[in-house]
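Since every read-out is calculated from the coordinates, none of them should be taken as a lab result. Since we're looking at a predicted model, the values are computed, not measured. In this analysis, Cβ positions are derived from the backbone assuming ideal geometry, glycine residues included, and neighbour counts consider all displayed protein chains.
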Amino acid sequence: MTDSRSRREFLKTTTATGAALLATGNYAFAQGSDRLKVGLIGCGGRGTGAAANTLAGDPNVVLTAMGDVVKSQLDSSLKVLKQQEGIGARVDVKPEMQFIGLDAYLKVIDSGVDVVLLTTPPGFRPQHIKAAVAAKKHIFAEKPMGTDAAGVRSALEAVKAAQSNGKCFVSGFCYRYSLPHRAFFKRLHEGALGPVRHVHSTYLTGPVKPMPPASERPAGMSDTEWQIRNWYNFVWLCGDGLIEQACHSVDKILWAMKDMPPVRCVATGGRDNPNHEGNIFDHIDVFYEFADGTRATMAQRQIPNCPHNDNTDYVIGAKGTGTIHFADTDMSGDSKWKYEGPKPSMYDIEHKEMYAAIRSGKIINDAERMARSTLAGLMGRMAAYTGASISWEQMLTSKENLFPEHLDWNAPLAIAPMAVPGKTVFV
């Protein structure tokens, strides 16, 4: 993405089909007669949830393959899915289709499945996307698209190069599939609040998976396994809390701005609470600037025992304000409005629409939008880590690549030091 044409193409929204689906909020699905086989890559809590959503998304979908680096995690996920009413009968993962190891993703992809669910820690996402695209699979990829700019761009380039293969690529930025949110942003883009002047998003919460002390590491456990088991605490695996969790809020900021990326940002951040061997911050505040002068702020925090938490988006327009909660949206000012329609699970909708698209041939491709929102989050992280003003152009050319050059289950894997603003350098 070094030439000007590629950069212009990057700024475009997703396909006309995807745009039409977003505009209409249509989440009905076609019940085709052909069975679709699904493979799950990454069997943690989110992977198990995504598999349940995908089985609920179409009655003629069967889970036939699973892969993870830890056998106990796969076993637990498989047990949970088999016991779920309404979908358990369509969990048909035979022992020979249960794959363990760092190469399990390749075995799942090569197992004869039609659709793959990519739900591992996001550090692996670019590698898994590229392999699934090369194998011409329909893809559901959990957010974010990666943990560094080089990985995100490489994944996007792979998807774009294969856009003509007629395969769906659905992203886990699930608010884009929420009916209250679609209704809100449709009204916003039609001018209900007038021109957007400012967006303020919050993701203030406690730690997701706190890092245990080194003394709790089982004897003989390798560096790689220790880090993957505690993946939320390492930048190469999770990308930091702004990227892994609060990227939803960054995605909604860009949605409010009609998916135009910010031109630059500055940020502050650090770590107030010790996290043993982990190297992520526990708070980041980002200040985005857009080409028309509009500003957006993003407040992210993962600190325990705080008396106030908040996960809300506030849109300030020339004619009023809008508020976006997890499942409710409203507007005040000249155009008072509150969403009063149905609220089916957005996690189910994204899978229902994927299978409807697969069966109808009207393909959804969320890849560009997913990459754009991930890069905007990475922009904020790098501004916080370095103390520098980071531009969009820098993100499009950044050489940062956090993934280990030679990842081996048993080889030593050093933990990178935590970033220090003013000393850490953007690359």
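Explain nothing, just compute: Karplus ³J(HN,Hα) = 6.51 cos²θ - 1.76 cosθ + 1.60, θ = phi - 60°, for every residue of the stretch 47-57 in order, whole Hz, x for Gly and Pro.
Here the 3J(HN,Hα) series is x, 4, x, 5, 5, 5, 4, 5, 6, 6, x Hz.
Go through 94-102, 288-296 and give me the packing order, highest mean Cβ count within 10 Å leading.
Ranked by mean Cβ neighbours within 10 Å, highest first: 288-296, 94-102.
How big is the dipole moment of the chain about its Cα centre under a simple scheme where the beta carbon of each Lys and Arg is +1, that of each Asp and Glu is -1, and everything else is neutral? Debye, nearest 20, please.
On the way: 47 positive and 44 negative charges, 187 e Å.
So the dipole magnitude of the chain works out to roughly 900 debye.
Given the C-alpha centroids of the stretch 207-276 and the stretch 78-143, what is the distance between them in whole angstrom?
That distance is 23 Å.
Can you pull out the chymotrypsin sites (Phe, Trp or Tyr not before Pro) in the stretch 210-271 that DSSP calls coil and that have at most 16 other Cβ atoms within 10 Å?
Of the chymotrypsin sites (Phe, Trp or Tyr not before Pro), not one in the loops of the stretch 210-271 has a Cβ with at most 16 other Cβ atoms within 10 Å.
Roughly what % of Cα-Cα distances in the stretch 31-120 sit above 15 Å, to the whole percent?
50 percent
How fast does the stretch 294-427 diffuse by Stokes-Einstein, in µm²/s, taking the Kirkwood radius from C-alpha pairs at 10 °C and 1.306 mPa s? Don't skip to the answer; put the middle values down first.
Details: Rh = 19.8 Å.
The estimated diffusion coefficient comes to 80 µm²/s.
Only bridges with both residues in the chain count here: give the DSSP antiparallel percent, nearest 5.
55 percent
So which trypsin sites (Lys or Arg not before Pro) in the stretch 371-427 pass both tests, a DSSP loop state and at most 15 other Cβ atoms within 10 Å of the Cβ?
The qualifying sites are 399, 423.
Take the alpha carbon gyration tensor of the stretch 91-221, find the square roots of its eigenvalues, order them as a ≥ b ≥ c, and report rounded if a/c is under 1.5; if not, report prolate when a/b exceeds b/c, else oblate.
Because a/c hits 1.5 or more and a/b fails to exceed b/c, the stretch 91-221 counts as oblate.
Using the per-residue mean of other Cβ atoms lying within 10 Å as a proxy for protection, in what order, highest first, do the peptides 257-265, 348-356 fall?
Listed from highest to lowest mean packing, they are 348-356, 257-265.
Over all distinct Cα pairs, what is the inverse of the mean 1/r for the chain, reported as the Kirkwood hydrodynamic radius in Å?
Every distinct Cα pair counted, the radius reaches 22.0 Å.
Which whole-angstrom value gives the distance between the alpha carbon centres of the stretch 387-427 and the stretch 153-176?
Result: 24 Å between the Cα centres.
Taking the mean number of other Cβ atoms within 10 Å as a proxy for protection, how do you rank 148-158, 239-249, 52-62 from highest to lowest?
239-249, 148-158, 52-62
Ordered by residue, what ³J(HN,Hα) values in Hz, to whole numbers, does the stretch 187-194 give under the Karplus form 6.51 cos²θ - 1.76 cosθ + 1.60, where θ = phi - 60° and Gly and Pro are x?
5, 4, 6, 7, x, 4, 9, x
For the stretch 333-402, what class follows from the C-alpha gyration tensor (a ≥ b ≥ c being the square roots of its eigenvalues): rounded when a/c is under 1.5, otherwise prolate if a/b is larger than b/c, else oblate?
Oblate shape, in that a/c is at least 1.5 and b/c is the bigger or equal ratio.
In terms of Cα to Cα distance under 17 Å, which lysines are near enough to residue 107, apart from those fewer than 8 places away along the same chain?
Hits, sequence-local ones excluded: 37, 71, 94, 130, 136, 137.
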